[in-house]
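To start, the structure itself, in structure tokens.
The values are calculated or read from the model by the stated rules, or taken from the named source; none is laboratory data. This structure is a prediction, so every number in the text was calculated from the model and none was measured. Because the Cβ atoms are built from the backbone with ideal geometry, glycine has one as well, and the counts that use them run over all protein chains shown. Each accessible area value is taken on the protein alone, full model and side chains, heavy atoms only, with ligands, DNA and RNA left out. Shrake-Rupley method; radii C 1.70, N 1.55, O 1.52, S 1.80 Å.
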Amino acid sequence: MVESLSRPFPYNPQVPCTFQIQTTAGSARRGQLIAPHGTIETPVFMPVGTLATVKGIPQDLLEEIGPEIILSNTYHLYLRPGVETVRRLGGLHGFMSWPRPVLTDSGGFQVFSLSDLRKVREEGVTFRSHLDGSSHFFNPESSMEAQIGLGADIIMAFDECTEHPADARRTRESMELTLRWAARSKKYFEEHKHEVPWRHEVPWKEVASNQSPIAINPGLLAAGDRPPAAEQQLFGIVQGGMDLALRKESAERTIEIGFPGYAIGGLSVGEPRHLTREVVEATLEHLPADKPRYLMGVGTPEEIVEYAAMGIDMMDCVLPTRAARHGLLFTSEGRISIKQARYAQDEAPLDPKCPCRVCQRYSRAYLRHLYAANEVLAQVLNTIHNLSFYLDTMRTVRQAISLGDTPRFPHAAER
Ligand SMILES: [Zn+2]
């Protein structure tokens, strides 16, 4: 008999998801988000693993690079390989053999940005697949069903990402629709959250004796007790375009519906950066201080430090991985485009201050050669470095906050 490789990973059934702030420095917060598959130190940067893979990086290597949580995209996984396949193989954790926390988005943003012939109605969105043109329908209920089946630790309400620019009337209508969809998302989630694929797979006693990512406190377990099962957490999303009054209203009304965490959506959609910052700042004012705040889809290394300083706890972006595949590398000395001929004879490491395995081992000349020769290894090594740089940047941010300092991005001259 062939042994199954899709296995459930131990999760902590005892501790429901909680968020604790340990220190603050100015507006910045240093905290811990406890999820079923592990504890996430915040502020956190979440690498994007669109199709249940951070492109080019095997999971054991990813564990070494060290993200505590990764993001996967519901829209892409729904189209390929299909939610039912992932669910039957243990959810994303079992399917991709990743023991740490995962977050999935709702699919709304990809429907907005990737698919053709999108038609939005009250009931939901009809769209055509960017892969083969086939017709599909997403709504709050089907997005929740898909995200419960995928089994991420944190899942997102189904929203409409308002395009930019949009006039006042359109922005309000879109925000109102997102609010109605948020309420429907929560209702479906509450009725179906017990269907998550990992919830009943690992008996609690077994977990308690395992090396779970979270320390189990045996004092809380009475003999024979079955502790409450851990659950996915559904986060709400604040929309409202670039209109600060609508952002306030969206925040207040999303909080009324009630979620354990709140995301700021609808940014990085082509607006100038100063406007992104203004909207983030204005929205943060209206979000509860004791809940995690997630800014979706940002940013550069400088920006993630800036947003952490403003009080954002979670961020995700394709930039470090996508840029790596195009030979754009982030270093302590600034950006390097490794394709340039000037690196052809350069024996120096990519970033002399970076402890990653690429900078410890290979020269710029070698990395430039791999890229110029279109070798697969170029993408792998570049991605390892860029992810390491982003995660190190966030570690530095957390250290600064722990010391009571407002995090800031060091300029090249200060490094
Ligand atoms: Zn490096």
Can you name the residue in the range 326-346 that is outside any strand (DSSP E or B) and within 16 Å of the ligand (Cβ to nearest atom) and, of all such residues, is surrounded by the fewest Cβ atoms within 10 Å (Cβ to Cβ)? 333
Among the residues of the range 92-105, is there at least one that is open to solvent by 40 Å² or more (accessible area, probe 1.4 Å), β-branched (Val, Ile, Thr) and either touching a residue at least 12 places away in the same chain (Cβ under 8 Å) or outside any helix (DSSP H, G or I) (or both)? no
In the range 359-386, the residues that are within 9 Å of the ligand (Cβ to nearest atom), in contact with a strand residue (DSSP E or B) (Cβ under 8 Å, 6 or more places away or on another chain) and open to solvent by less than 70 Å² (accessible area, probe 1.4 Å): 359, 385, 386
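What tally of residues in the range 387-398 results from selecting those that are within 13 Å of the ligand (Cβ to nearest atom) and touching a helix residue (DSSP H, G or I) at 6+ places or on another chain (Cβ under 8 Å)?
In the first step, residues of the range 387-398 are kept if they are within 13 Å of the ligand (Cβ to nearest atom); the result is 387-393.
When the remaining residues are screened for being touching a helix residue (DSSP H, G or I) at 6+ places or on another chain (Cβ under 8 Å), the result is 387-391, 393.
Counting residues in the range 387-398 that are within 13 Å of the ligand (Cβ to nearest atom) and touching a helix residue (DSSP H, G or I) at 6+ places or on another chain (Cβ under 8 Å) gives 6.
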Anything in the range 258-281 that is surrounded by fewer than 15 Cβ atoms within 10 Å (Cβ to Cβ) and of a type in the set (A, V, I, L, M, F, W, C)? List them, or say none. 275
